[in-house]
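Asker: Below are the structure tokens for one structure; questions will follow.
The values are calculated or read from the model by the stated rules, or taken from the named source; none is laboratory data. Keep in mind that this is a model prediction, so the values were computed, not measured. All Cβ positions, even for glycine, are placed from backbone atoms using ideal geometry, and neighbour counts span all protein chains on display. Remember, those area values only see protein heavy atoms, side chains included, never the ligands or the DNA or RNA. Shrake-Rupley method; radii C 1.70, N 1.55, O 1.52, S 1.80 Å.
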Amino acid sequence: MDVRYKPPNDFEPECKMLERNYVTCLAEKAVKDEGVPMNCNVERILWFNLDCPTRYNKFTSPEGIRSAFQAYKNGDYAEEDD
């Protein structure tokens, strides 16, 4: 088995989907409702951190998290039909 380093790909459609999942996970974790089905895929959080470092950088500061959450509340992360 050959293990090689693969640099982050920052592929736009994939990073957009992973960022939407990340913000959904943050919102669902903040609410903590019991018995509500989760839309968050926790395994994808790791891939967002590794594959999309340029998009993840805005979540490293409180201001970045605050602006992303405001965008989530405004519907900027809503699911688009392609």
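Asker: Suppose we flag chymotrypsin sites (Phe, Trp or Tyr not before Pro) only when DSSP calls them loop and at most 12 other Cβ atoms lie within 10 Å. Which is the longest uninterrupted stretch of the chain?
Answerer: That would be 12-82.
Asker: Distance between Cα centroids, segment 50-67 to segment 6-40: provide it in whole Å.
Answerer: First find each Cα centre; the distance between them is then 13 Å.
Asker: Name the residue, out of 13, 37, 62, whose mean-square fluctuation peaks in a Gaussian network model built on the chain with Cα pairs under 10 Å.
Answerer: 37
Asker: Let me ask you something else. List the lysines whose alpha-carbon lies under 27 Å from that of residue 32, not counting same-chain residues fewer than 8 positions away?
Answerer: 16, 58, 73
Asker: Separate question: Suppose every Lys and Arg Cβ carries +1 and every Asp and Glu Cβ carries -1, with no other charges. What dipole size does the chain come out with about its Cα centre, to the nearest 20 debye?
Answerer: Approximately 420 debye in magnitude.
Asker: Continuing with this model, one more query. Segment 26-82: which GluC sites (Glu not before Pro) are DSSP loop and have at most 14 other beta-carbon atoms within 10 angstrom? Present the calculation step by step, with values, prior to reporting the outcome.
Answerer: Values: sites: 28, 34, 43, 63, 79, 80; in loops: 34, 79, 80.
Sites meeting the loop and neighbour criteria: 34, 79, 80.
Asker: Run lengths n ≥ 4 of DSSP H only: what is the helix-derived mean residue ellipticity at 222 nm for the chain, with -39500 (n - 2.57) per run over all residues, to the nearest 500?
Answerer: Values: 4 runs with 46 residues, N = 82.
Rounded to the nearest 500, the figure is -17000 deg cm²/dmol.
Asker: Quick one: 3J(HN,Hα) in Hz for segment 63-74, Karplus 6.51/-1.76/1.60 with θ = phi - 60°, rounded, Gly and Pro as x.
Answerer: 5, x, 5, 4, 5, 5, 5, 5, 5, 5, 5, 7
Asker: How many nm is it between the label spots at residue 28 and residue 47, if each spot is 7 Å from the Cα in line with the beta carbon?
Answerer: 1.5
Asker: Residue 73: accessible area at probe 1.4 Å, nearest 10 Å²?
Answerer: Counting only protein heavy atoms, the figure is 130 Å².
Asker: With no solvent and one equal point scatterer placed on each C-alpha of the chain, evaluate the Debye formula and give log10 I(q)/I(0) for q = 0.11, 0.15, 0.18, 0.23 Å⁻¹, two decimals.
Answerer: -0.33, -0.59, -0.81, -1.21
Asker: Further question: With θ set to phi - 60°, apply the Karplus curve 6.51 cos²θ - 1.76 cosθ + 1.60 along segment 15-20 and write out the HN-Hα couplings as whole Hz, x wherever there is a Gly or Pro.
Answerer: Listing the rounded values in order: 5, 5, 5, 5, 5, 4 Hz.
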